[in-house]
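**Q** Just dropping this structure here.
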Amino acid sequence: MKLIIIEDEADILNGMKEAALLLGDRIERVFAVTQAEVALELIAEHRPEIIVTDIVLPNMTGLDLMEQITSREYHPKIIVVSGYSNFSYAQRSMKLGAIDYMLKPFAREEFIQKLGSVAEMVSTEREVGKALQFADSNALLGTKALRDKFLLGLCMNPVPLHEHTVHRLKVFGLEWIAGGAFCVIALDRVEDDKQPLSEKEKDLQIFAVGNIVEDVLESHTPSVAFRNIHNQWVILTGCDDVFQLTEAISASIMKFQRLKVSLGISLQMNSFQSVSRAYEQALQALGMSHLDKLGHRLFYSEIESYGLGSGPQNDYEQIAEYIYLDQPEAIRTAVTSVVNGFVASVGAKGRQALTQRCIEWVVHVHTQLADKLKITLKQISIQLWVDLDACESLEEVRALLIRYFGQLTEQIAAAPMNPIVEKALQRIQSGYPHNITLQSIASELATHPVWLSQLFKRETKQTFSDYVTGIRMEEAKRLLRESNLRIYEIAEAVGYADLQHFGQMFKKRVGLTPKEYRLGK
């Protein structure tokens, strides 16, 4: 493609020409002239696809030149440059068909990037055969494409609010972004897994969604919509009622396209430099809301309720205890916290990633239960994976896991006595005459005292201490009735070194003193 540069200052003209040549074979030929009249002759002969013109030129302005070259047959991409910060120049140049306006002085890199973007636009139009018939239509579409690229640039990288940026905002009618509160909304379709679309059908659907969004935005100003590289629609809005706006968008898309959509809404920002941060927040909220197949709207401010960095996601032992001890409310709370944490961590990776995290968690809990209880549990069925993947909403995911862990509780309850508790009972039976403790038996069985205490209570319906006391008292009663041992000898025989303590425990448990019991009172 060919490029012509019209600039009356020779040093600037040479610098712009050298910069253009750095684009290599994307620009086949560069014309550089200082006068508009000479430029008109070259334009008539060579029809360059790109024109870069200064506004103030000898004898004829760049804007006058633009008026003369406008025709139905010829619609070049025109970039206007000026050393004057008069916004009326920018407005008039855009009306005449310019696709961008650059304020001097500008950086060499910015100029090269601008030319590269326009050259890419020309190449794309050639490839898809979208050459337009009228200069006004071309200018409109070209300006919108550059506006969208400019907006996406603001979203991808923090940009300082300098003079050039202010002018770009004004050219595109976006100065409200720099002058007030705004937020970013990210929107994506909820695809139907049962009826997958072809790529062409998806493109048409995305296009239709964009048209609906732009129609809704007309009554919710100031707002602007554009597509990102993931074919998601992004909305920058300064309207007061974002809740009502997102309601209207969802309802309109459902009405006209019968489509469910997910939306992520950033926090309200008050600084132009925060556009990129708001964009990141909107994408994160969208990713999390998109995990719900029913379509969902999630404000970034709600994400804290999803337990970021909290919840016993890796505390498998704690979850195992809730299951074994049959604590349904604790299971419900834990599942909610863990699933919310998974949602926050997988974000936009999708439902498959969430399902995989849930399955991995269940496997770890199974392993923890088997190791701690020394029992064999039924293998995890592939059906659990299928059922999780089929869940339409996050609430269904949570409910399925709560139900599954409840079934594990029933399975454990129906199993024979826990082997750890069986061994503990054997140790108590043989060791009660001695100074036996929960800690000493836990150490022998290589388990944690707290875990042993909970297992013991679940299986025997008694605490460890009550059970040991019961064994000792039953043996003391037998000896008091069947032997001639003195009471202090019986106390020592059943594990009490202190006769007074033995008497107190016996009276509390039996209701009589040892002597009264021996005498049959």
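The values are calculated or read from the model by the stated rules, or taken from the named source; none is laboratory data. What you see is a predicted model; the values in this text were computed from it and never measured. Quick reminder, even Gly has a Cβ in these numbers, built from the backbone with ideal geometry, and neighbours come from all protein chains shown. SASA here: full protein model, heavy atoms, side chains in, ligands and nucleic acids out. Shrake-Rupley method; radii C 1.70, N 1.55, O 1.52, S 1.80 Å.
**Q** Let me know the charge dipole size of the chain about its Cα centre in debye, to the nearest 20, where only the beta-carbon of Lys, Arg (+1) and Asp, Glu (-1) is charged.
**A** Working: 55 positive and 66 negative charges, 597 e Å.
That gives a dipole near 2860 debye.
**Q** Let me ask something additional. Ignoring ligands, DNA and RNA, what accessible area per residue does the stretch 343-447 give at 1.4 Å, in Å²?
**A** Numbers: 5520 Å² over 105 residues.
Averaged over the residues of the stretch 343-447, the accessible area is 53 Å².
**Q** With the cut-off at 1.5 for a/c, could you classify the stretch 371-521 from its C-alpha gyration tensor as rounded, prolate or oblate? Provide the component values of the computation, followed by the final result.
**A** Working: a/c = 3.94, a/b = 3.06, b/c = 1.29.
It comes out prolate by the Cα gyration axes.
**Q** Next question. With a 1.4 Å probe and all protein chains in place, put D215, D11, D192 in order of accessible area, largest first.
**A** On the way: D215 100, D11 135, D192 75 Å².
The residues order as D11, D215, D192, largest area first.
**Q** Turning to a different aspect of this structure: Can you list which of the trypsin sites (Lys or Arg not before Pro) found in the stretch 226-262 are DSSP loop residues with at most 14 other C-beta atoms within 10 Å?
**A** R258
**Q** Ok, one more. Setting aside same-chain residues fewer than 8 positions from K423, which aspartates and glutamates have a Cα under 19 Å from its Cα?
**A** D371, E444, E459, D466
**Q** Any of K95/K170; K114/K202; K95/K202 with alpha carbons more than 23 Å apart? Name them for me.
**A** Beyond 23 Å: K114/K202; K95/K202.
**Q** Another one. Dipole of the chain (Lys/Arg Cβ +1, Asp/Glu Cβ -1, origin at the Cα centre): which of L512, V261, V190 lies farthest to the positive side?
**A** L512
**Q** Tell me which of F456, I27, P433 sits at the most positive position along the dipole axis of the chain, charges placed on C-beta atoms (Lys, Arg +1; Asp, Glu -1).
**A** P433
**Q** So which aspartates and glutamates pass the test for K515, namely a Cα distance under 18 Å, with those fewer than 8 places away in the same chain ruled out?
**A** E474, E475, E482, E489, E492, D498
**Q** In the chain, which longest range has no GluC sites (Glu not before Pro) that are both DSSP loop (not H, G, I, E or B) and surrounded by at most 15 other Cβ atoms within 10 Å? Each step should come with its number before you reach the end.
**A** On the way: sites that count: E9, E28, E73, E191, E218, E392.
Here the longest run is 219-391.
**Q** Also: If DNA, RNA and ligands are ignored and the probe is 1.4 Å, what is the ranking of R47, R486, R297 by accessible area, most exposed first?
**A** Values: R47 110, R486 150, R297 55 Å².
These residues rank, largest area first, as R486, R47, R297.
**Q** Would you kindly state the longest site-free stretch of the chain, with sites defined as chymotrypsin sites (Phe, Trp or Tyr not before Pro) in a DSSP loop (not H, G, I, E, B) surrounded by at most 15 other Cβ atoms within 10 Å? Intermediate results must be reported in sequence, preceding the final value.
**A** Numbers: sites that count: Y74, Y84, F106, F134.
Longest run free of exposed loop sites: 135-521.
**Q** Can you tell me the 0 to 90 degree angle between the C-alpha axis of helix 419-431 and the longest principal axis of the chain, rounded to 10?
**A** It works out to around 30 degrees.
**Q** Additional query: What is the antiparallel percent of DSSP beta bridges lying wholly in the chain, to the nearest 5? Let's see the in-between values first.
**A** Values: 16 of 38 bridges.
Bridges in the chain that DSSP calls antiparallel: roughly 40 percent.
**Q** Using +1 at the Cβ of each Lys and Arg and -1 at the Cβ of each Asp and Glu in the chain, identify which of T53, L373, Y488 lies farthest towards the dipole's positive end.
**A** Of T53, L373, Y488, it is Y488.
**Q** Moving to a separate point now. Roughly how many percent of the accessible protein surface of the chain is carbon and sulfur, given a 1.4 Å probe and a whole-percent answer?
**A** Result for the chain: 50 percent of the exposed heavy-atom area is carbon or sulfur.
**Q** Moving on. Applying 1/(1 + (r/R0)^6) with R0 = 35 Å to the Cβ-Cβ distance of L377 and V510, what FRET efficiency is obtained, to the nearest 0.05? Display every interim value, and only then the final one.
**A** Working: r = 42 Å, r/R0 = 1.20.
Between L377 and V510 the formula returns 0.25.
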